[in-house]
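Contents: one structure, followed by commentary.
Readers should treat all values here as calculations from the given coordinates under stated rules, not as data from a laboratory. All figures in this text were calculated on a predicted structure; none of them were measured in a lab. Neighbour counts run over all protein chains shown; Cβ positions are idealised from the backbone, glycine included.
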Amino acid sequence: MTRIRATVDGVVYDDDVEPRLLLVHYLRDRLGRTGTPVGCDTSNCGACTVHLDGKAVKSCSVLAVQADGHEVTTIQGLASDGQWHPLQKAFHERHALQCGYCTPGMIMAAADLLRDNPNPDEDAIREGIEGNLCRCTGYQHIVDAIQQASGEMSGVTAR
Amino acid sequence: MSEIDPGAVALEAADQISEPDATPEVGRRRLRKEDAKLVTGQTQWTDNIQFAGMLHMAVLRSPMAHAKVTRVDVSPALQQPGVIAAYSGRDFADEQGSLPCAWPVTPDMKLPAHPPLAVDEVRYVGDAVAVVVARDRYAAADALESIEVDYEPLPAVVDMEAALADNAPLVHSDLGTNRCFTWPFTGGDDYDAVKAKADVVVTRRFVQQRLIPTAMEPRAVVVAPLPASGEFTVYSATQIPHVLKLMLAMVTAIPEQKLRVIAPDVGGGFGSKLNVYAEEVLTLLIARRLGRPIKWTESRSEGYQATIHGRDQIQDIEVAATKDGTLLGLKVELLADMGAYLQLVTPGVPLLGAFMFNAIYKMQAYSFTCHGVFTTKTPTDAYRGAGRPEATFAIERIMDELAVELGMDPMEVRRKNWITHDEFPFTTVAGLTYDSGNYEAATARAMELFGYDALRAEQAKRRESNDPVQLGIGISTFTEMCGLAPSRVLGSLSYGAGGWEAASIRMLPTGKVEVVTGSSPHGQGHVTAWSQIAADALGVPFEDVEVIHGDTRSSPMGMDTYGSRSLVVGGVAVHKACEKVIDKAKRVAAHLLEASEGDLDFNAGRFTVKGSPDAALSIQEVALATFAAHNLPEGIEPSLNSDFVMDPENFSFPHGTHLCAVEVDTETGFTTIRSYVCVDDIGKVINPTIVEGQVHGGLAQGIAQALYEEAVYDADGNLTTGSLVDYYVPTAADLPRFTTDRTETPATTNPLGVKGVGEAGTIASTPAVVNAVVDALRPFGVNDVAMPCSPQRVWQAIRSAANEGSAR
């Protein structure tokens, strides 16, 4: 067992974990942060994407011990002051989700994309979320939602 | 929004009713009620569920496609840390029963025993051999490795045609054959007689590759037992909580009333969760044996072996026509791969296609035969469209081939043969009566949006200039049968249940409404759409409606969600149940208003007396008065609650015209979709935004079959595309922006005029894309490309056509 201290969605946790414990299982099974789901076992689907110190990572490919001393943000910590993040709002308004299983990871990946590139065009969005699979939407409304959020976040009228 | 303060109770509630919005809810682009929890991570997936003392099950699976199991020793696993129990098939041989197949398609169909845990023999890679139950998921997975199994290899049976050959090794030696069934069907005149009159006969073989549904949420099940009373609550990532409850009772002999099945939030299905799986039975049996809650969650790679696959057919199809392009007859011979066992509706899937090969076309004769074949592979079953995409692909592909044979434009050949809008209702050669449709209108709109003539002109230029990047145009004018299904028809096809759906309306004292539905959504937006239907029918605000589903205790009757049936059957049931509420409320209102029922009008939530505009009661006032029951008419029970069970009178027949333009780089074989236009006619629409989402997702899956996905087995029966690394599910970067539109020809067989949309995009798009790829390559002498049309396949098609050409 290894002692870790990690901040998850603003709360500091001290825990003893097996060195092999995946971050996503630490979040889900130990902390009850079940908003982040697991969609595969090969890091292809991106459903488990969270932010580690502000950068998107697939939490199935990070060990819990690697989060020691770091800050993790999940979909459950994305809203602030009771207000949804513009991406959460845009996914709702543009019907960018159906079953919603990929949504937490898709939103966290999109947030990282918009931090790197606040005004991506459609191709840049499509390439930017390549690491996140959705089986329901055909991606079109997801692209629309990310465009809308990018407009709102950079103060430009949504396209 | 009129939010009720919990402290403000019933008798004051009537004062708080907001004026109803006059805009009809049906047809409105309402944002989904489902989304708030999904975008904030407050979802309850099955794998989220935890109980005190819960144990985790892990499954040891066969690494061999076919083998005798001569020894299983689970005892080493029991020595591993955290392990509570471990079992082999022999430990459950007397109580595990056989997984159910509800569709014995012929009286002599071969139905093999299907034990949840293999006892003597394994028949596909992934067949369950033993289980471990441990205190956490890591401990369970670790302990699997210590279980000792001795296998005595038997020959794999991978290829369907080889499986049917004389002296082929048998998947089930006790059945004496690998032929599961042969199902013949004919319609109209004798095919051979009609063929004799034909000027042109076109014959093709198409292969529907095996696909893996890949719902984003892997399957999971949690069973919580209450040993004192013998009750069990089963939480499962399933599309079919009601069917599952019945089937688990039948398989395990646990009395039906002791079982409660809950489908919590379910992350997609596409048919893969329309089943009764070994792990659902095993967790239940182990929970009973140990008296403790048990959880099992599949890993993605495990699911690729253990969750059903789709498609996998070899289609020999022949059309006979006159030289002016008039179709005379159609003959289809199918081989359908069942896999190693029959799952819930495995043998019925190709039969759903039997009625769809003739599609939108008129003809004199139709002959169909399907052979179901056992192989040592993961069982197949329903995958989005289930039988209808396969049929639609074959007919739409061969219509293009017929056009080439005749030197006609492929749209012209279709137009010449389709049922015209003034011919509805039309009984097809396959015996179905299509109630309504307008293929001309959908096609005209699609051609306009697509710019068909301009693209043909560009294609001609590129052909002439030998452009290395060729343009191809693909057409698919599809229809489908959905809204499964009239119970009597299912009976005539030997299906084991009916096709009805149930709804209940609970009018609460405050005038708020609970809609209970037997449909079980997993992404389709039923909560929003059913709220819209009920809001209109009852005249209450959209926000005042709550929809309850997916729990056999709170929604006791249901046939669940698949086959684009939810709206057409379940949504209509909601509408009809609302009508019963209004009928009851009208009697109460008439009494309170001292008028005769016949003098009452009901509109937008208000009962008014004809000629006395001031005498009025809202539905909420009537609900409260009924609850109080102080002054009800003689003989009226104090409840407006109503139930309706809808058994549809016919299938519904959505249709549409899909047009695809691809650019194919003939030097690399790489295909890019340049534009995709579809105009679907799904009748009346409850929520256009939800419909667009359904169409987009369906297109993505259909395009995936055309260009990207294939489950591949090697000669030894190993699934070589056993994870998302090797099985290519398309990303956002692979797919184009779709142009979608609709025409609206209401269904005449239900009061909402709706037809269903869940499968339309998938059914229509695969042939549109492949027709486009082949069209691009016509100048090279290519007349088919096997799916998926990968760069390698396209390049090889060009090369082999060139070789054939030079050999001639």
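Return a yes/no flag: does region B:225-236 have any residue that is within 14 Å of chain A (Cβ to nearest Cβ) and polar (S, T, N, Q).
The initial filter retains those residues of region B:225-236 that are within 14 Å of chain A (Cβ to nearest Cβ), namely B:235.
If we keep only those that are polar (S, T, N, Q) too, we end up with none.
No, region B:225-236 contains no residue that is within 14 Å of chain A (Cβ to nearest Cβ) and polar (S, T, N, Q).
Please enumerate the residues belonging to region A:28-63 that are farther than 23 Å from B:SER301 by Cβ and either acidic (Asp, Glu) or outside any loop (DSSP other than H, G, I, E, B) (or both). Can you show your working first?
Kept after step one, since they are farther than 23 Å from B:SER301 by Cβ, are these residues of region A:28-63: A:30-33, A:35, A:51-56.
Correct list: A:ARG30, A:HIS51, A:LEU52, A:ASP53, A:LYS55, A:ALA56.
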**OP:** Please find, within region B:276-310, the residue that is farthest from the other protein chains (Cβ to nearest Cβ) out of those that are of a type in the set (S, T, N, Q) and in a helix (DSSP H, G or I).
**Re:** B:THR283
Original post:
Of all helices (runs of 4 or more DSSP H) completely enclosed by region B:311-418, which ones contain at least 1 residues that are under 21 Å from the mean Cα position of the chain (by Cα) and surrounded by 23 or more Cβ atoms within 10 Å (Cβ to Cβ)?
Top reply: B:349-354, B:388-406
Original post:
What number of residues in region B:696-734 are within 8 Å of chain A (Cβ to nearest Cβ), aliphatic (A, V, I, L, M) and buried (at least 24 other Cβ atoms within 10 Å of the Cβ)?
Top reply: 3
**OP:** Could you grab me the full set of residues in region B:58-76 that are under 25 Å from B:TYR304 (Cα atoms), out of contact with any Leu (no Cβ under 7 Å at 6 or more places or on another chain) and either outside any loop (DSSP other than H, G, I, E, B) or within 11 Å of another protein chain (Cβ to nearest Cβ) (or both)?
**Re:** B:VAL59, B:ARG61, B:VAL69, B:VAL72
Subject >> Residue among B:GLY483, B:GLY387 that alone is touching a Leu at 6+ places or on another chain (Cβ under 6 Å) and not aromatic (Phe, Trp, Tyr) >> reply: B:GLY387
**OP:** Find all pairs meeting these conditions: Cβ atoms under 6 angstrom apart; at least six residues apart or on different chains; first residue within region A:64-79 and assigned to a loop (DSSP other than H, G, I, E, B); second residue basic (Lys, Arg).
**Re:** A:THR74/A:ARG33
Subject >> Identity of the residue in region A:2-39, surrounded by fewer than 16 Cβ atoms within 10 Å (Cβ to Cβ) and within 13 Å of chain B (Cβ to nearest Cβ), that ends up farthest from A:LEU63 (Cα to Cα) >> reply: A:GLY32
Original post:
Does region B:422-437 contain at least one residue that is in a helix (DSSP H, G or I), of a type outside the set (Val, Ile, Thr) and in contact with a Leu (Cβ under 7 Å, 6 or more places away or on another chain)?
Top reply: no
**OP:** Of the conditions (1) surrounded by fewer than 22 Cβ atoms within 10 Å (Cβ to Cβ); (2) more than 16 Å from the chain's Cα centre (by Cα); (3) more than 7 Å from chain B (Cβ to nearest Cβ), A:GLU127 clears all except one; give me its number.
**Re:** (3)
Original post:
What number of residues within region B:89-122 satisfy the criterion of being within 19 Å of B:GLU302 (Cα to Cα), touching a Lys or Arg at 6+ places or on another chain (Cβ under 9 Å) and in a loop (DSSP other than H, G, I, E, B)?
Top reply: 1
Original post:
Looking at region B:154-191, which of its residues are touching a residue at least 40 places away in the same chain (Cβ under 8 Å) and of a type in the set (D, E, K, R)?
Top reply: B:ASP159, B:GLU161, B:ASP174, B:ARG179, B:ASP189, B:ASP190
**OP:** Go through region A:102-118 and give me each residue that's touching a Ser or Thr at 6+ places or on another chain (Cβ under 8 Å) and within 7 Å of chain B (Cβ to nearest Cβ).
**Re:** A:PRO104
Original post:
Conditions: (1) under 14 Å from the mean Cα position of the chain (by Cα); (2) at the interface with chain B (Cβ under 9 Å from one of its Cβ atoms); (3) surrounded by fewer than 20 Cβ atoms within 10 Å (Cβ to Cβ). A:THR42 meets all but one. Number of the miss?
Top reply: (1)
**OP:** Select from region B:188-216 the residues that are part of a strand (DSSP E or B) and aliphatic (A, V, I, L, M) and write down the one among them that is nearest to B:VAL712 (Cα to Cα).
**Re:** B:LEU211
